[in-house]
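Just so it is clear, none of the values below were taken in a lab; they were calculated from the coordinates. Predicted, not measured: the structure shown is a model, and the values here were computed from it. Note that each Cβ is placed from the backbone with ideal geometry, even for glycine, and that neighbours are counted across all protein chains shown.
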Amino acid sequence: MDERQWPLYEVFIRARGGLDHKHVGSLHASDARMAIDHARDLYTRRQEGVSIWVVRSTDITASEPEEAEALFEPARDKIYRHPTFYDIPAEVKTL
Amino acid sequence: MYTQALDAQGPDSTAQLDEIALEQRFQARIDREEKIEPKDWMPARYRATLIRQISQHAHSEIVGMLPEGNWITRAPTLLRKSILIAKVQDEGGHGAYLYGAAETLGVSRDQLVDQLLSGKAKYSSIFNYPTPTWADIGAIGWLVDGAAIMNQIPLCRCSYGPYARAMVRVCREESFHQRQGYDIMLRLSQGSSEQKRIAQEALDRWWWPALMMFGPHDADSTHSSESQRWKIKRFSNDELRQKFVDFTVPQAKFLGLTVPDPKLRWNEEKQRHEFGEIDWNEFDQVLKGNGPCNAERLAARRNAHAQGAWVREAATAYAEKQRRRTHRAA
């Protein structure tokens, strides 16, 4: 087995002008330039994008599934953060 | 980003009770149609099953480039050549998406490639059949890609997120493959008697191997029930095979070609086709490596890998040099 396997890059594509870059998958490349070239061949064969970001997978820090509750649960009971929480009389317009 | 050492998945030090509880919670998530993602807890066997299935699938895409690549230089027109190159390139892309999905389970690309080249890993037996005429390229697109689509569409809803997402992309591209194949068959079957003859012969060659692509009968399928419980697999082999026959027979009829099965007939009462028994001995032989092209396919892959070694090494050396330069400049 070759210990010098090309590093893994995560690929993000902007589908059309005005949209966010979205994660589409990953690929191996020897450097970032090659990662862009490979991403172009791999993820945009049918005009799926107008811009590509690549980032070394090891440079991404991700939250752990076990943290999900601690991170996201507190938002659940804060329904007052949503506009629909407030009953506004029908006579009041444009609010 | 999801790569994770396999040894982290060894026997857990926590009590076995915990393991059972974890497994129950895992199954409950699957039953609720939640997707399992790379960092989530999963039973070791779920992981192993997925690694096996996804990597076999990836290998099949890569080896699948060979029988068709064989015809790129001999395609009858420039347009057909461009179409075939695009299709073969797609197959390579599908292999790459799938290797990527397998790697999220903690296996490295090198390990996977090594398993293919050493002959340890299996790939779809269909690619061990030869493509002697241009009509075989039509039959592969129509029947082999058609059968693959039948197998793959349910995989878009597979419980493992990265596999399901890769399959969505694969399926989006696969329809072009099937239609270009049928288009080749259509032209040939409307052509000269010689063209019609090679179309019929290609159907004769590929019909049964295409039916074998759905795997053994449900009763003989080793991994089926567990895979269904884990929602890796949504339909049984026989269900999908039946559906394929029901879809494909009218398409053959439209071409004016004869499906090579004397037992084939429409059952009005059951509203489906009855068809003859597959030669399972042939299936086993091809799977064991004794098919017409097994040795040739593996030799071609090994050769390509060996011939490309200097490119991989040069790119690595160049990247290393650039890194040192930037480091010095900083």
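Our coupling estimate for region B:56-71, obtained by passing each phi through the Karplus curve with A = 6.51, B = -1.76, C = 1.60 and θ = phi - 60°, is 4, 5, 4, 4, 4, 5, 5, 5, x, 6, 6, x, 7, x, 3, 9 Hz, Gly and Pro reported as x. Among residues other than B:Ala75 with Cβ under 14 Å from its Cβ, the summed charge is +2 (Lys and Arg +1, Asp and Glu -1). Under 17 Å of direct C-alpha separation, and excluding same-chain neighbours fewer than eight residues apart, A:Lys78 reaches these aspartates and glutamates: A:Glu69, A:Asp87. The shape of region B:152-217 comes out oblate: with a ≥ b ≥ c from the C-alpha gyration tensor, a/c is at least 1.5 while a/b does not beat b/c. Averaged over the residues of B:89-100, the number of partner chain Cβ atoms lying within 10 Å of the residue Cβ comes to 3. Secondary-structure-derived ellipticity at 222 nm for chain B, considering helices only, amounts to -20000 deg cm²/dmol, per-run term -39500 (n - 2.57) for DSSP H runs with n ≥ 4. Amide H to amide H, with H built 1.01 Å from N, A:Ala29 comes under 5 Å of A:Tyr9, counting only residues 5 or more places away or on other chains.
When chain B is treated as a Gaussian network with alpha carbon springs shorter than 10 Å, the biggest mean-square fluctuation among B:Gln152, B:Gln16, B:Gln228 belongs to B:Gln16. Calculated [222 nm] ellipticity per residue, helices only, for chain A: -5000 deg cm²/dmol; basis is -39500 (n - 2.57) per DSSP H run with n ≥ 4, divided by all residues, nearest 500. A P(r) calculated from all alpha carbon pairs of chain B, with 20 Å bins opening at zero, reads 28, 54, 17, 1 percent. Close amide H contacts of B:Arg272 (hydrogens built in the peptide plane, cut-off under 5 Å, sequence separation of 5 or more or a different chain): B:Asn267. Listed cross-link partners B:Lys243/B:Lys270; B:Lys35/B:Lys231; B:Lys120/B:Lys231; B:Lys233/B:Lys270; B:Lys120/B:Lys288 are compared with a 18 Å cut-off, the Cα-Cα value being larger for B:Lys120/B:Lys231; B:Lys233/B:Lys270. Classify chain A from the C-alpha gyration tensor, please: rounded if a/c falls under 1.5, else prolate or oblate depending on whether a/b exceeds b/c. Since a/c reaches 1.5 but b/c is at least a/b, the shape of chain A is classed as oblate. Neighbours of A:Arg33 by Cβ distance under 15 Å: Lys/Arg scored +1, Asp/Glu scored -1, total +1. With the simple spin-label model, which puts each label point 7 Å out from Cα in the Cβ direction, the B:Ser175 to B:Gln24 separation comes to 4.4 nm. If you add up the charges near B:Leu257, with Lys and Arg at +1 and Asp and Glu at -1, over every other residue whose beta carbon is less than 11 angstrom from its beta carbon, what do you get? Once positives and negatives cancel, what remains is +1. Taking region A:8-33 and a reference point 7 angstrom along Cα→Cβ of A:Thr58, the backbone N atoms nearer than 12 Å belong to A:8-9. Computed from the Cβ-Cβ distance with R0 of 60 Å, the FRET efficiency linking B:Glu320 to B:Gln271 stands at 0.40.
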